[in-house]
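Student: Take this structure, written in structure tokens, and hold onto it; I'll ask about it next.
The values are calculated or read from the model by the stated rules, or taken from the named source; none is laboratory data. Quantities reported herein were computed from a predicted structural model and do not represent experimental measurements. Here the Cβ positions follow ideal geometry from the backbone for every residue, glycine too, while neighbour counts run over all protein chains shown.
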Amino acid sequence: MGKARNLMVLFSVILSTTAGCMGHAQEEHGTNRNTLAPCPDSPNCVSTKSTDPDRAMSPLPYMGTREKSHERLILVLRDMKRCTIIKADPGYIHAEFRSALFGFVDDVNFIFDDDERRVHFRSASRTGYYDFGANRKRMKEISERYMNPKREME
């Protein structure tokens, strides 16, 4: 009985101290729809526009037209756990991902560059400092699903 009570108290303390860090929906978090905000100094962000090798990732190529690429990316995002698409315009997508345990929010922004025929993105934790590589891992998964449509059908 004592152990269970202590665990409940500990869990309640952790939950109450982190509840303020969960964040609220921010439609334009990290972008102005034409450019991506730079990653902060904290290691909880990756971006195709970053010059820092620890935060840099490769952009996604267009899959045919911008419209087809946008549609493909929306399908990928809709299939992912704990993802909410906040905004989806022809040249821009903003999605939120929430962590399973405490509901921490990561913002993912995509901009479509018709000149380069690439999709640039930025994925960053809304709060906190370290994300244990969650943003990089997520964007690798999104990139793999986007590039390999057959995987989505399985």
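Student: Which of the numbered conditions does A88 fail, given that it passes all the others? Conditions: (1) crowded, with 20+ Cβ neighbours inside 10 Å; (2) in contact with a helix residue (DSSP H, G or I) (Cβ under 7 Å, 6 or more places away or on another chain).
Tutor: Failing condition for A88: (1).
Student: Exactly one condition in (1) within 22 Å of D114 (Cα to Cα); (2) modelled with pLDDT of 95 or more is false for C39; which is it?
Tutor: (1)
Student: Do we find that D89 is of a type outside the set (S, T, N, Q) and closer than 22 Å to G133 by Cβ in this structure?
Tutor: No.
Student: Going through segment 50-61 one residue at a time, which ones are surrounded by fewer than 14 Cβ atoms within 10 Å (Cβ to Cβ) and assigned to a loop (DSSP other than H, G, I, E, B)?
Tutor: T51, D52, P53, D54, S58
Student: Consider F97 carefully, then state whether it is under 21 Å from P40 (Cα atoms) and touching an Asp or Glu at 6+ places or on another chain (Cβ under 6 Å). Let's see the steps before the verdict.
Tutor: On the way: under 21 Å from P40 (Cα atoms): yes; touching an Asp or Glu at 6+ places or on another chain (Cβ under 6 Å): yes.
It is true that F97 is under 21 Å from P40 (Cα atoms) and touching an Asp or Glu at 6+ places or on another chain (Cβ under 6 Å).
Student: Follow-up question, since we're still on this one. Go through (1) crowded, with 17+ Cβ neighbours inside 10 Å; (2) within 18 Å of S47 (Cβ to Cβ) and name the single condition C83 misses.
Tutor: Failed condition: (2).
Student: Considering each residue of segment 114-154, count those that are crowded, with 21+ Cβ neighbours inside 10 Å, of a type in the set (S, T, N, Q) and modelled with pLDDT under 95, and give that number.
Tutor: Residues that pass the stated criteria total 0.
For (1) among the acidic types (D, E); (2) crowded, with 20+ Cβ neighbours inside 10 Å; (3) at pLDDT 95 or above; (4) within 10 Å of the chain's Cα centre (by Cα), each residue gets a yes or a no:
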position: E67; (1), (2), (3), (4): yes, no, yes, no
position: H94; (1), (2), (3), (4): no, yes, yes, yes
position: F97; (1), (2), (3), (4): no, yes, yes, yes
position: N109; (1), (2), (3), (4): no, yes, yes, yes
position: F112; (1), (2), (3), (4): no, yes, yes, no
